[in-house]
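First comes the structure, then the notes that go with it.
The values are calculated or read from the model by the stated rules, or taken from the named source; none is laboratory data. Predicted model, so just to flag it, every value in this text is computed and none were measured. Cβ placement follows ideal geometry from the backbone for every residue including glycine, while neighbour counts extend to all protein chains displayed. Just the protein is used for accessible areas: all its heavy atoms, side chains included, with ligands, DNA and RNA removed. Shrake-Rupley method; radii C 1.70, N 1.55, O 1.52, S 1.80 Å.
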Amino acid sequence: MIEPLVSLRGVSKVISSRTLVEDLTLDVPAGQVFGFLGPNGAGKTTTIRMMVGLMSITKGDILIGGHSIKTSYEQASSLVGAIVENPEMYKFMSGYKNLIHYARMMPGITPQRIEEVVGLVGLSDRIQDKVKTYSLGMRQRLGVAQALLHRPKLLILDEPTNGLDPQGIRELRDYLRKLSREEGTTVFVSSHLLSEMELMCDTVGIIQQGRLVDVRQLRSPEGERAFEETAFAVDDTAAASKVLASYPLRIQEGLILVGGDRERIAEINTTLVQNGVRVYGIRPVTTSLEDQFLQMTGSERHD
Amino acid sequence: MTDFLKLVANENMKIYSRSRTWVMLAILVLCNAGMPLLFYIAGGDMDRWTVFSWTESFTFMLTTIFTVVIAAEMIAGEFTWGTIKLLLIRPWSRGKILLSKYLAVLLFSIVGTVITALTAFIFSSMLFESPASGMEGFMGGTAPRGALLNLLTDYVELFVIALIAFMISTVFRSGSLAIGLSLFILFVKNLFGLIFNPERFEWAKYVLFLHTDLSVYIHSPTGPGGVSLWFSVTVLAVYCLIFAAITWTVFAKRDVAA
């Protein structure tokens, strides 16, 4: 069992008797790209603001790398790089001065490191220009640069794809995956763009009305996409469901649908065969994250 | 410690990267050069220390106003620009960030004061003779001493007004409110002294506005309502500590949303 890098323990946020986040408990293992999904106003941004110390925590605690945000904020936040909503920069200064500004606030950042990060986000040509001349995409990239300066163990991004063009989104996605693969950076990203999250994340947590409704793995540790459900085509669905009473399953269009990993599927198959149910076919069914999300949050579908 | 000085360097960089800061400093130089020049053209029969004190007593108002403008933007600006979020997620406690900002304001006030005093002194000295030795300066005491005491009491007033601007900037996150309110206090504080005369109201001697101008003690040993210099200094110190405590508490506890 890997130690979780981020651990939210019974976190609640109450502002003037309104509960924005309620009893949120969540562990994010190191090295993952974790997606934090939810409709607007579900409490995503509030949770992220508590994680980076911009908001106080009403109840519970958040640990980052074992340090409590409440009691040892300076240690905890030195592990974190973040963009909270739009990356706002000092427009009257050059991009380079902006980076110098943040570099001074953290120990051990050399001018070489700044150059390196600037190259990484592809701003080398424009870094000496004032930020007010930058396009939104360039500001976003400068935002990523300031978040990465100190090689954070945890990168927190709040709605990072807001206002980016498709190419920018693609670049960001590739970049995040590269970071998590090559440098082992844990990425905690919030969004309401489901298709993006599906492509970007290993695991997603779904939050609704301040409560965590579900956490599910989208990819196996080997990087393979985890299939959400497996369909068994059998001769007698009623008999099969009786045999499989101990598994959570549902019957749809004459197929038995079960969740679970490969071992579980093999196990179910054995159980079916041993109990005389004839299995005609086994195939994975991938429902898109969007379908599941809408199912779970109970929103109306707009076809 | 050197790490903390880097925070102050950051705040300085933000102040001096803006063209308006340089415009304000240029205006200070112009006014402090222009006033002695005007006296010279008008052809008054004055010595250099009198000219210096007259110039300084007018132009220091500008120094105060410009420091208020800087102090008012210090916290409110970060909120308006949205940069407060990226500033507060660094591994620094809020108290230290606030202190670095306040120190940058004080540094600016010192830069402004030095520019005011130096320019006024250089131009007064170039255009006017020094007073006959042994002659009393118009501020009482020897002439240079009177002029410097005047400068010092003006700086005390600047210090208090700038702290008020810094506090309002933090509490209300509005730069214009901070500028407006603190300048209002600067200009009407003498009115308070008239309305709530400490000769008539016993409590009025604890009102801050009666004590911000310590220059009364240059001429007389007693201040408003017959209090002493140390009484005034204590009142100022207590108010400043209260303002600092309010600023720190609000800044350290505030939830940064939207």
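A few remarks follow.
- Label-point separation, B:Thr80 to B:Thr222 (7 Å along Cα→Cβ), nm: 4.7
- Mean sequence separation of contacting Cα pairs (under 8 Å, at least six apart), scaled by the length of segment A:229-285, corresponds to a relative contact order of 54 percent.
- Accessible area per residue (1.4 Å probe, heavy atoms of protein chains only) ranks B:Ser174, A:Ser195 as A:Ser195, B:Ser174, with the largest value leading.
- Accessible surface ranking for B:Ser17, A:Ser77, 1.4 angstrom probe, highest first: B:Ser17, A:Ser77.
- Selected from B:Ala178, B:Ala143, B:Ala162 as most flexible by GNM, with chain B as the system and alpha-carbon contacts under 10 Å: B:Ala143
- Under the convention that each Lys and Arg Cβ holds +1 and each Asp and Glu Cβ holds -1, the size of the dipole of chain B around its Cα centre is about 1180 debye.
- When both segment B:16-45 and segment B:193-228 are represented by their alpha-carbon centers, they are found 32 Å apart.
- Average other protein chain Cβ within 10 Å of Cβ, residues B:86-99: 6
- The alpha-carbon of B:Lys85 sits under 13 angstrom from the alpha-carbons of these aspartates and glutamates, leaving out residues fewer than 8 places away in its chain: A:Glu85, A:Glu88, A:Asp158, B:Asp255.
- Helix A:262-274 and the longest principal axis of the C-alpha atoms of chain A enclose an angle of approximately 0°.
- Coupling constants for segment A:53-70 follow from the phi torsions by the Karplus curve (6.51 cos²θ - 1.76 cosθ + 1.60, θ = phi - 60°), and in residue order they are x, 7, 10, 6, 9, 5, 9, x, 8, 10, 10, 10, x, x, 9, 6, 4, 6 Hz; glycine and proline get x.
- Backbone HN-Hα couplings from phi across segment B:112-126 [Karplus 6.51/-1.76/1.60, Hz, Gly and Pro as x]: x, 5, 5, 4, 4, 5, 5, 4, 4, 5, 4, 6, 4, 5, 5
- When the charge dipole of the protein assembly as shown is built from unit charges on Cβ atoms (+1 for Lys and Arg, -1 for Asp and Glu) and taken about the Cα centre, the candidate among B:Pro224, A:Val28, A:Leu249 whose Cα reaches farthest toward its positive end is B:Pro224.
- Average Cα contact separation per residue, chain A, under 8 Å, 6 or more apart, as relative contact order %: 19
- Segment A:94-141-segment A:19-41 distance, computed between alpha-carbon centres (Å): 29
- Accessible surface of segment B:62-190, 1.4 Å probe: 74 percent of it comes from carbon and sulfur atoms.
- Within segment A:229-285, the proportion of C-alpha pairs whose separation exceeds 15 Å stands at 34%.
- If the Kirkwood radius is taken over C-alpha pairs of segment B:137-258, then at 37 °C and 0.692 mPa s the Stokes-Einstein diffusion coefficient equals 207 µm²/s.
- Helix A:166-178 and the longest principal axis of the Cα set of chain A meet at an angle near 80°.
- Segment A:1-110 - Kirkwood radius from inverse mean 1/r over Cα pairs (Å): 15.6
- Between B:Leu241 and B:Met126, residue separation times 0.36 nm minus the direct Cα-Cα distance comes to 37.2 nm.
- Taking label points 7 Å from Cα along the Cα-to-Cβ direction, A:Asp261 and A:Thr58 give a separation of 3.7 nm.
- Among A:Thr161, A:Met89, A:Ala76 - extreme Cα towards positive end, dipole of segment A:4-217, charges at beta-carbon: A:Met89
- Compared with the dominant principal axis of the Cα atoms in chain B, helix B:143-172 is inclined by about 20°.
- Residue among B:Phe39, B:Ser17, B:Pro91 farthest towards the positive dipole end of segment B:2-253, charges placed on Cβ: B:Pro91
- With R₀ set to 45 Å, the beta-carbon distance separating A:Lys178 from B:Tyr16 gives a calculated FRET efficiency near 0.75.
- Estimated FRET transfer efficiency (B:Val188, A:Asp129; beta-carbon r; R0 45 Å; 0.05): 0.50
- Under 5 Å, built H, 5+ apart or other chain: amide partners of A:Val234: A:Ile256, A:Tyr280
- Taken residue by residue and averaged, Cβ atoms of other chains lying within 10 Å of the Cβ of A:100-107 number 6.
- Dipole moment magnitude, nearest 20 debye, segment A:1-155 about Cα centre, only Lys, Arg, Asp, Glu C-beta charged: 440
- Surface calculation, 1.4 Å probe, protein heavy atoms: B:Trp49 sits at approximately 50 Å² accessible.
- A:Asp125 accessible area, 1.4 Å probe, all protein chains in place, Å² to nearest 10: 150
- Accessible area buried, both sides summed, chains B and A with 1.4 Å probe, Å²: 2800
- Protein heavy-atom accessible surface, 1.4 Å probe, per residue over the protein assembly as shown: 47 Å².
- Simple Cβ-charge dipole of the protein assembly as shown, Lys/Arg +1 and Asp/Glu -1, about Cα centre, in debye nearest 20: 460
- Segment B:37-131: GluC sites (Glu not before Pro) falling in loop per DSSP and having at most 11 other Cβ within 10 Å: B:Glu129
- Estimated FRET transfer efficiency (A:Lys242, A:Val14; beta-carbon r; R0 51 Å; 0.05): 0.60
- Surface share of carbon and sulfur [accessible, 1.4 angstrom probe, percent] for segment A:129-211: 47
- Length gained on full extension, A:Phe92 to A:Asp165: 23.8 nm, using 0.36 nm per residue less the C-alpha separation.
- Ranking by accessible area, most exposed first, for A:Leu176, A:Leu120 with a 1.4 Å probe: A:Leu120, A:Leu176
- On a per residue basis, the convex hull of the C-alpha atoms belonging to segment A:4-217 measures out at 117 Å³.
- Look at the stretch B:244-256: the mean tally of other chain Cβ atoms within 10 Å of its residues' Cβ atoms is 1.
- Computed on chain B, with alpha-carbon pairs under 8 angstrom and 6+ residues apart, the relative contact order is 24 percent.
- Taking B:Ala147, B:Ala104, B:Ala237 in turn, the Gaussian network model of chain B (Cα-Cα springs below 10 Å) assigns the largest fluctuation to B:Ala237.
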